[in-house]
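Take a look at the structure below.
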Amino acid sequence: MKFLIIRFSSIGDIVLTTPVVRCLKKQVVTAEVHYLTKAAFRPILAANPYIDKIHCLGNDLDGLITTLRQEDYDYIIDLHHNLRTIKVKKGLKKQSFSFDKLNIQKWLYTNFKINRLPPVHIVDRYLDTVKTFGIKNDGAGLDYFIPPGDELKPEDIPTSHQAGYIGLVIGAALATKRLPLHKLQTICKETRHPIILLGGPEDADIAKQLSAIDPVKIYNACGLFNINESAALVRQARLIVTHDTGLMHIAAAFKRPIVSIWGNTVPEFGMYPYYGENYLYHFRGGLLGDKPDVIMEVKGLSCRPCSKIGYNKCPKGHFKCMEKQAVDRIFQYF
């Protein structure tokens, strides 16, 4: 039985689909699982043992469809469900099962603050697309596999951080999901433990300002490591402090304690840290108390959530969802 799973982007969304991949491969004895994504995100899946073949979306969608036809799939599992995936499904002419993005419910919530979203994590909604095949949630949570060539060596991080560090994820795709600089500076100044700043090249300028606070305590890793190497840094961290972004989900895959800081988006969208029922059942307390993660959000704002994704600046101009974050709460966990 040959499956094509489709999810083009982005980092976090792809990581959140990994339970579907694993459960299909392990619970359907004859399953051959292929995955279609953008080339930029291929490294996230490259070492996943439950994927038999990865296909990459480029500029030639018609050519890609021609190539995929030759695979002669039995079923298509569409976990992205947009115009391009519709074209792929029409082109392949195979039975498909598509993820319901609940766009109407999200629109009601962001525009009128009427919450009709089900209290269900997106992982379980992804798994609903394969329930026809008798697939059950195995409770194992998310997967992330680091290729051997991307594993870190001890000398890749400063000696001062090799005994343990806090991973501070300073980036996010859009500004309304990121703490303002002065809030990040407060975290960096008041934290006594070694910190590794995590993010992409686009975060380098802010990271430079933060690391200047204490160059010994704060190591700027932004833009120095690829996604798998950054995942290795996340895996080794004692605690991850993060915005609602891809590295948050990678941290959950590695069962790291997480303090997640939410701006214009809300956990009710169903994309909060997901550990899996097996881990939660056996969890007996840790760094953050009786839960593996803590969610920090400013509740009671009439303008929140303002978008299911985010903006380059606060549409109201006040940015209260981040400006009112009591980041000093974080220090009780250090």
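When VAL234, VAL259 are screened for being in a strand (DSSP E or B) and touching a helix residue (DSSP H, G or I) at 6+ places or on another chain (Cβ under 8 Å), only VAL259 passes. Of all the residues that make up the range 144-187, how many are assigned by TED's automatic domain parsing to the domain that holds ASN220 and under 30 Å from LYS308 (Cβ atoms)? The qualifying residues number 22.
Filter the range 180-207 down to residues that are assigned to a loop (DSSP other than H, G, I, E, B) and small (Gly, Ala, Ser), then give me how many there are.
Number of matching residues: 2.
Here is the figure for the range 179-220: residues that are in contact with a Ser or Thr (Cβ under 8 Å, 6 or more places away or on another chain) and touching a residue at least 60 places away in the same chain (Cβ under 8 Å) total 1. Looking across LEU102, LEU45, one residue alone is on the phi > 0 side of the Ramachandran plot and buried (at least 18 other Cβ atoms within 10 Å of the Cβ). It is LEU102. Considering each of GLY141, GLY149, GLY164 in turn, give the residue that is farther than 30 Å from GLY300 by Cα and in contact with a Lys or Arg (Cβ under 6 Å, 6 or more places away or on another chain). From the options GLY141, GLY149, GLY164, the qualifying one is GLY164. Considering the conditions (1) in contact with a strand residue (DSSP E or B) (Cβ under 9 Å, 6 or more places away or on another chain); (2) of a type in the set (D, E, K, R); (3) within 28 Å of PRO49 (Cα to Cα), LYS217 is excluded by exactly one of them, (3). Per the conditions (1) closer than 16 Å to ILE309 by Cα; (2) outside any helix (DSSP H, G or I), the sole criterion not satisfied by ILE114 is (1).
Rundown of residues vs (1) part of a loop (DSSP other than H, G, I, E, B); (2) under 22 Å from the mean Cα position of the chain (by Cα), yes/no style:
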| position | (1), (2) |
| --- | --- |
| LEU247 | no, yes |
| ALA251 | no, yes |
| ASN278 | no, yes |
| LYS308 | yes, yes |
| ASP328 | no, no |
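Has the range 276-290 got at least one residue that is touching a helix residue (DSSP H, G or I) at 6+ places or on another chain (Cβ under 9 Å) and within 27 Å of ASP100 (Cβ to Cβ)? Yes, some residue in the range 276-290 is touching a helix residue (DSSP H, G or I) at 6+ places or on another chain (Cβ under 9 Å) and within 27 Å of ASP100 (Cβ to Cβ). Tally up the residues in the range 161-179 that are in contact with a His (Cβ under 7 Å, 6 or more places away or on another chain) and not in a loop (DSSP other than H, G, I, E, B), please. Result for the range 161-179: 3.
The values are calculated or read from the model by the stated rules, or taken from the named source; none is laboratory data. Small disclaimer: the values here were computed from a predicted structure and weren't measured. Methodologically, a virtual Cβ is constructed for each residue, glycine included, from the backbone with ideal geometry; neighbour enumeration extends over all protein chains shown.
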